[in-house]
1. Starting from segment 26-133, pick out the GluC sites (Glu not before Pro) whose DSSP state is loop and whose Cβ has at most 15 other Cβ atoms within 10 Å.
2. Taking every pair of Cα atoms in the chain, average 1/r, invert it to obtain the Kirkwood radius, and report Rg/Rh to two decimals.
3. Need the list of lysines near residue 56 for cross-linking: C-alpha distance under 19 angstrom, and skip anything on the same chain fewer than eight residues off.
4. Which whole-Hz ³J(HN,Hα) couplings does segment 8-15 yield from phi under the Karplus relation 6.51 cos²θ - 1.76 cosθ + 1.60, θ = phi - 60°, glycine and proline marked x?
5. Take the chain, mark every one of the trypsin sites (Lys or Arg not before Pro) that falls in a DSSP loop and has at most 15 other Cβ within 10 Å, then report the longest stretch left between them, sites excluded.
6. Give a residue-ordered list of calculated ³J(HN,Hα) values for segment 101-116 (Karplus: 6.51 cos²θ - 1.76 cosθ + 1.60, θ = phi - 60°; whole Hz; x for Gly, Pro).
7. Over segment 44-103, average the accessible area per residue using a 1.4 Å probe and give it in Å², no decimals.
8. Taking every DSSP beta bridge that has both residues in the chain, what percent is antiparallel when rounded to the nearest 5?
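The values are calculated or read from the model by the stated rules, or taken from the named source; none is laboratory data. Note that the structure is a prediction, hence the values are computed from the model and not measured. Backbone-built Cβ (ideal geometry, glycine too); neighbour counts: all protein chains shown. Areas reflect the complete protein model, heavy atoms only, side chains present, ligands, DNA and RNA absent. Shrake-Rupley method; radii C 1.70, N 1.55, O 1.52, S 1.80 Å.
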Amino acid sequence: PAAIGELKSLTELNLNLCESLVALPDSIGGLAALTILNLGGCHKLVALPKAVGDLKALTVLCLDECSSLTQLPDTIGGLIALKELDSCNCPIAALPDAIGRLGALTELNLRRCPITALPDTIGELGALTKLNL
């Protein structure tokens, strides 16, 4: 529900295997303290809202097995604290150029994604220590 954005102290949101989840409300961007967002196994999730880029404290974003998620929003570049992005087994064919703005990112998991090329901005991920393709 949209009221989820009112949970200002929430640090972890685990929706793992929430198979009926189709979309997240835009109000998710109001979760200022959120550090972990686990959407793994949400097979019907088709997109992330642009407001996800407002999650400035987010350090872990788990999207593994989101089998209907075909792209990441450009606003993902706003996740300035993000350290781990797991998108394995997602039908994401390309990463947005904004991925290069994730300066804190240390781990990027794109295993079993149909990505044929990485954006040039991948070279801007100076903190990246682990890349799975």
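1. Working: sites: 65, 84, 107, 124; in loops: 65.
Sites meeting the loop and neighbour criteria: none at all.
2. Numbers: Rg = 13.6 Å, Rh = 14.5 Å.
Radius of gyration over Kirkwood radius for the chain works out to 0.94.
3. Within reach: 8, 83.
4. Result, ordered by residue: 5, 9, 5, 9, 9, 10, 10, 10 Hz.
5. Values: sites that count: 8, 44, 56, 111, 112.
Here the longest run is 57-110.
6. Values, residue by residue: 7, 7, x, 8, 4, 10, 9, 10, 10, 10, 4, 6, 9, x, 6, 9 Hz.
7. Details: 2240 Å² over 60 residues.
On a per-residue basis, 37 Å².
8. On the way: 0 of 15 bridges.
Here the share of antiparallel DSSP bridges comes out near 0 percent.
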